[in-house]
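Remarks on the structure that follows.
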Amino acid sequence: MTKLRIGSFVFSPALVPSLTFLVVFPVLISLGLWQLDRAEEKREIERQVSVAMSRAPLNINQADFNKLPADVYRPAALQGRFDNERQYLWDNKTSNGKPGYQVLTPFLLDGSNQVVMVNRGWIPILGRRDQFPDIAVDTSPIEILGVIKQPSNAIQLAVSESTQAHVYPHLVQAFEPSVIASELKQPVAPILIELDAADKHGFVRDWQPYYGKIGKHIGYAIQWFLMALIVMFLYIKLNLKRLPDGHNT
């Protein structure tokens, strides 16, 4: 057993506590460092989002659909018309704590068969799941502005072959462009446009900016480092003994 005399104290750690400390302490430190790395990753994403939002609007009509996901958070302009007959309601969306839907409307691009789905904003539930507010939209040729988004989905929809899947407005639990393309029988862009808040064709649009929760990761890092400090303190305290008076000289 190793002993280290420090003034009137002797540090004499036992084998099992020492092995435990040598395992737990580095793990806690590594977890804290990992959270700091996560915070830095989120900081870099926030920087990229800021750069994207400051760019000039991308003309979707002239863009390559396959490259659109690289322009997430960039402003966009689209020329064409809304498809009033085949709209979607994205379920389980809230606004100010109230349940409702987000209205996803196909936008047919001028001069092509291509479709871009436009999120026109939030509408409330009317009390019954089979009754919806009026979501009709003007189908005249227009130009709209918005922001490119690519929502991540925890739920992947399967293509439904039932006739119910083609009753509109179609209620969906997730945004899945490939499923919508199969139903519409038209190519659908792999992104979603959040309609500009000033556009008259939308509903409630309290679009939230990207928030990487950097502070949360830093907070977690501090917690791991504090736990490591506590473990070190307890290890030292439990293994540090005061020498009897006769051994102090």
* **Extended-chain gain in nm, criterion 0.36 nm per residue less alpha-carbon gap, TRP34 and GLN131** => 30.1 nm
* About its Cα centre, what dipole magnitude does the stretch 172-214 give when the only charges are +1 on Lys and Arg Cβ and -1 on Asp and Glu Cβ, stated in debye to the nearest 20? -> 40
* HN-Hα J couplings of the stretch 91-103 from phi, Karplus 6.51/-1.76/1.60, θ = phi - 60°, integer Hz, Gly and Pro as x? -> 6, 6, 10, 10, 9, 6, x, 9, x, x, 9, 10, 8
* To do: Only Cα pairs under 8 Å and at least 6 apart count here; give the relative contact order of the chain as a rounded whole percent.
  => 28
* Based on the Kirkwood radius over alpha-carbon pairs, what is the Stokes-Einstein translational diffusion coefficient of the stretch 1-104 at 20 °C with 1.002 mPa s viscosity, in µm²/s? -> 104
* Please name which of GLN35, VAL23, PRO151 has its Cα lying farthest along the dipole of the chain towards the positive end, using unit charges on Cβ (Lys, Arg +1; Asp, Glu -1) and the Cα centre as origin. => VAL23
* To do: Determine the sum of side-chain charges near ARG43: Lys and Arg each +1, Asp and Glu each -1, restricted to other residues whose C-beta is under 13 angstrom from that of ARG43.
  => 0
* Give me the aspartates and glutamates in straight-line cross-link reach of LYS98: C-alpha distance below 17 Å, same-chain residues under 8 apart excluded. => ASP206
* To do: Calculate the tail of P(r) for the stretch 40-86: the fraction of all Cα-Cα distances greater than 11 Å, expressed in %.
  => 72
* Just one of (1) 22.5, 80; (2) 20.3, 65; (3) 28.9, 99 is Rg and Dmax of the Cα atoms in Å calculated from these coordinates, so which is it? -> (3)
* Tell me which residues come under 5 Å, amide H to amide H, from LEU192 once H is placed; ignore anything under 5 positions away on its chain. => LYS149, GLN150
* Asked: For the Cα atoms of the chain, what angle does the longest principal axis make with the long axis of helix 15-53, in degrees from 0 to 90, nearest 10?
  -> 30
* Asked: So what is the relative contact order for the stretch 1-87, in percent, with contacts set as C-alpha pairs under 8 Å and at least six apart?
  -> 19
* Using a simple charge model, +1 on the beta-carbon of Lys and Arg, -1 on the beta-carbon of Asp and Glu, nothing else, what dipole does the stretch 1-126 show about its Cα centre, in debye to the nearest 20? -> 480
* To do: Under 13 Å from a label point 7 Å along Cα→Cβ of MET232: give me every residue in the stretch 12-52 with its amide N that close.
  => 22, 25-30
* Short version: ³J(HN,Hα) in whole Hz for each residue of the stretch 131-140, in order, from phi by Karplus 6.51 cos²θ - 1.76 cosθ + 1.60 (θ = phi - 60°), x for Gly and Pro, what are they? -> 10, 10, x, 5, 10, 4, 9, 5, 9, 5
* Structure fact -> For HIS170, other-chain or 5+-apart residues with amide H closer than 5 Å (H placed, Pro excluded) are GLN87, TYR88, LEU89
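Bear in mind these aren't lab numbers, they're just calculated from the coordinates by the rules spelled out. Because the structure is a prediction, the values reported are computed rather than measured. For neighbour counting, all protein chains shown are included, and Cβ atoms are generated from backbone atoms with ideal geometry for every residue, glycine included.
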